[in-house]
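The values are calculated or read from the model by the stated rules, or taken from the named source; none is laboratory data. Being a predicted model, the structure only gives us computed values, none of them experimental. All Cβ positions, glycine included, derive from the backbone under ideal geometry; neighbour counts span all protein chains shown. Note: accessible area is taken over every heavy atom of the protein model, side chains too, but ligands, DNA and RNA are not part of it. Shrake-Rupley method; radii C 1.70, N 1.55, O 1.52, S 1.80 Å.
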Amino acid sequence: MRTIWKGSLTFGLVNVPVKVYSATEDHDVPLHQVHDADGGRIRYKRVCEICGQTVAYSEIDRAYQDESQTVVLTKEDLESLPAERSREIDVVEFVPSDQVDLLTLDKAYYLEPDSKSPKAYVLLRKTLEATDRTAIVRFTLRQKTRLAALRVRGDVLVLQTLLWADEVREADFPSLHEDVTVSDKELELSASLVEGFSGDFDPEAFVDEYQVELRTLIDAKIEKGEAFETEETFAPVEKGGEVIDLMEALRASVEKSRAARAEAADEGGSKRDAG
């Protein structure tokens, strides 16, 4: 794993140097959009709605828009904000673990001790386990202040970012306020059904069947010879992110491929004549 951040966990006078790693990764099979007629890659251009020109990344600013007005924020504007650059993960408080709403949990990171002696790291880990507490912390990542839960997973400390309170929607559905009567017998039968499906959760017992079948389908098409050389239909992208003319690149790629095949055929014919 690659380190994405280095800093220190701090609470009181205790300082725990740590390295931060992403704890999860995406294994979905990447798919592109292509033209169904010829397999050509479909790309998206950044086009200005006023002048109609394709715009380079270097010429793009950010903007805030409400119902009637748009406020443009330049790179200089954003850089002038007092962005935090602290390398500390500050413990705000220790709370009972069951008070952390699972709905607020977001991106997870592993913390590795980054000192000659991991004693302070182990001490914090064991303290969280013994007290059944979760540390609520603040830290800065990619110039954004984040709130996170620091908890224990096996022998490692896990930092899991939290959604801010105003990012969680209220579940205000009229049907939840209806007066519904559940009999003791119905509750007993439902509990029996739950008991019949009870077991210990083993994440490795479950697989993403869609991704498995998708990979099987792709491999089958390759084996049947239904694949083609990417250079023949996918146009390259210029440095700086600008998309070059797709049709011209497509024509050039096809002509290059045909010329190479013709040259190979000619060489094969010459060898047969010589033999």
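Being in a loop (DSSP other than H, G, I, E, B), touching a residue at least 12 places away in the same chain (Cβ under 8 Å) and within 19 Å of the chain's Cα centre (by Cα), is that true of even one residue in region 92-101? Within region 92-101 (the criterion being in a loop (DSSP other than H, G, I, E, B), touching a residue at least 12 places away in the same chain (Cβ under 8 Å) and within 19 Å of the chain's Cα centre (by Cα)), the answer is no, since none of the residues qualifies. Under 6 Å between Cβ atoms, at least 6 apart or on separate chains: pull out the pairs that start in region 138-162 with a residue that is within 13 Å of SER97 (Cβ to Cβ) and end on any residue that is among the polar types (S, T, N, Q). Short answer, once both residue conditions are applied: ALA149/THR134; ALA149/GLN160; ARG151/THR134.
The combined condition, being in a strand (DSSP E or B), among the small types (Gly, Ala, Ser) and touching a residue at least 60 places away in the same chain (Cβ under 8 Å), is not fulfilled by GLY39. For PRO82, the stated conditions hold: it is at pLDDT below 85, part of a loop (DSSP other than H, G, I, E, B) and surrounded by fewer than 10 Cβ atoms within 10 Å (Cβ to Cβ). Do we have any residue at all in region 222-232 that's open to solvent by 70 Å² or more (accessible area, probe 1.4 Å), under 30 Å from GLN53 (Cα atoms), at pLDDT 65 or above and assigned to a helix (DSSP H, G or I)? Yes: region 222-232 contains one or more residues that are open to solvent by 70 Å² or more (accessible area, probe 1.4 Å), under 30 Å from GLN53 (Cα atoms), at pLDDT 65 or above and assigned to a helix (DSSP H, G or I). In region 203-211, is there at least one residue being surrounded by 10 or more Cβ atoms within 10 Å (Cβ to Cβ) and hydrophobic (A, V, I, L, M, F, W, C)? For region 203-211, residues surrounded by 10 or more Cβ atoms within 10 Å (Cβ to Cβ) and hydrophobic (A, V, I, L, M, F, W, C): absent.
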